[in-house]
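The values are calculated or read from the model by the stated rules, or taken from the named source; none is laboratory data. Since the structure is predicted, the reported quantities are computational estimates derived from the model, not experimental observations. No Cβ is skipped: glycine too gets one built from the backbone with ideal geometry, and neighbour counts run over all protein chains shown.
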Amino acid sequence: MILKTPAIPLRITPYSNTSRVVRWLTPERGRLGTLIKGALRPRGGFLGQYDYFATSELLYYERRKEGLHIARECTMTERRPELRTNWRGGVCASYVTAVADRLTPDDAPSAELFAFLERALDHARFVTERAAEFLLWFELQCCIREGRAPRLECCAACGSPIADGDELGFDVARGGVLHTACRRGGDSAQPVAPDVLALMRAWARAAQPGQAARTRTRPRQRETIGALLGAFLEYHLELPAAPRKAAYFALTAGETLT
């Protein structure tokens, strides 16, 4: 059976001197792999028709049994050329694509995640400042979409609303903020300041990346939120820490905490 779908490359690996294996994110089939025969042939029909961070229309032969599908045709529909010259945008695009690759199931509908990744890549094209804020927003939204949203409006232990002036901690294992009175001896909650909690709440409510990217923050706030979210992602979504550390280091190197 021949199928057609929009697709974004998640990973491209060599198969032979002229062929490549591409793992894609698609709306209807989630993550799928295709063999592109003759991908690098000078007069082949696939040259320039797929690339990282771009959206293509993929036509492929479906394999019913396990194994790679075979690509028949591919036409790039959204190139996003800015990500070739904007290094901050390229760092952001690399990280959000890596996260999508980890979170996408094989052979399962992923239309919402596909649209979310497209919005994130479109925003990354023009990122010139506040890139870290954009990635922190992206991570919070991923937690929400995976049903693992950190509890920020009420205590993760007793469920009562958080009031202004409450002394709070953020406990990764228990899934969010805790009243001081609700902490147990074995809790590993880290103190969370009101300004940090307010930023996390605002980014969790923001539907579009631009809303978060316009927020001005201080390095101390970004480092605190980054540490809390990094531990949360690793604990609840099992995301590896290395790609995240590399992305944030590239974007924030040279900052002085204030």
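Under 18 Å from A111 (Cβ atoms) and more than 25 Å from the chain's Cα centre (by Cα): is that true of L25 in this structure?
On the way: under 18 Å from A111 (Cβ atoms): yes; more than 25 Å from the chain's Cα centre (by Cα): no.
In short, no.
Just one of the listed residues (E129, E146) is among the acidic types (D, E), more than 16 Å from the chain's Cα centre (by Cα) and within 23 Å of K245 (Cβ to Cβ), and it is E129. Between L103, L140, L121, the distinction of being at pLDDT below 95 and not hydroxyl-bearing (S, T, Y) belongs to L103 only. Screening K65 against (1) surrounded by fewer than 16 Cβ atoms within 10 Å (Cβ to Cβ); (2) in a helix (DSSP H, G or I); (3) not β-branched (V, I, T) leaves a single unmet condition, (2). If only residues of region 27-50 that are touching a residue at least 40 places away in the same chain (Cβ under 8 Å) and crowded, with 16+ Cβ neighbours inside 10 Å are counted, the one that is nearest to A7 (Cα to Cα) is P27.
Within region 230-258, if we keep just the residues that are among the charged types (D, E, K, R) and surrounded by 12 or more Cβ atoms within 10 Å (Cβ to Cβ), the residue that is modelled with the lowest pLDDT turns out to be E255.
Yes or no, residue by residue, for (1) over 27 Å from F116 (Cβ atoms); (2) of a type in the set (S, T, Y); (3) touching a Phe, Trp or Tyr at 6+ places or on another chain (Cβ under 7 Å):
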site: A181; (1), (2), (3): yes, no, no
site: R184; (1), (2), (3): yes, no, no
site: A193; (1), (2), (3): yes, no, no
site: L199; (1), (2), (3): no, no, no
site: Q208; (1), (2), (3): no, no, no
site: A213; (1), (2), (3): no, no, yes
site: R218; (1), (2), (3): yes, no, no
site: A241; (1), (2), (3): no, no, no
site: Y248; (1), (2), (3): no, yes, no
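Every listed requirement among (1) in contact with a Gly (Cβ under 7 Å, 6 or more places away or on another chain); (2) under 15 Å from A124 (Cβ atoms) is met by Y95 save one, (1).
For region 153-167, the tally of residues that are under 18 Å from A204 (Cα atoms) and surrounded by 11 or more Cβ atoms within 10 Å (Cβ to Cβ) stands at 5. Are any of the residues in region 227-234 free of Cβ contacts under 8 Å to residues at least 60 places away in the same chain, farther than 23 Å from G176 by Cβ and of a type outside the set (D, E, K, R)? No, every residue in region 227-234 fails to be free of Cβ contacts under 8 Å to residues at least 60 places away in the same chain, farther than 23 Å from G176 by Cβ and of a type outside the set (D, E, K, R). Quick check on T75: is it closer than 25 Å to H123 by Cβ and over 24 Å from the mean Cα position of the chain (by Cα)? It is true that T75 is closer than 25 Å to H123 by Cβ and over 24 Å from the mean Cα position of the chain (by Cα).
Regarding region 146-159, can at least one residue be identified that is within 30 Å of A54 (Cα to Cα) and in contact (Cβ under 8 Å) with a residue 60 or more places away in the chain? Yes: one or more hits. Restricting region 92-138 to residues that are buried (at least 22 other Cβ atoms within 10 Å of the Cβ) and free of Cβ contacts under 8 Å to residues at least 60 places away in the same chain, the residue that is farthest from A250 (Cα to Cα) is V96. Within region 51-62, restricting attention to residues that are within 27 Å of the chain's Cα centre (by Cα) and part of a loop (DSSP other than H, G, I, E, B), the residue that is surrounded by the most Cβ atoms within 10 Å (Cβ to Cβ) is F53. In region 202-222, the residue that is modelled with the lowest pLDDT out of those that are in a helix (DSSP H, G or I) and crowded, with 16+ Cβ neighbours inside 10 Å is A213.
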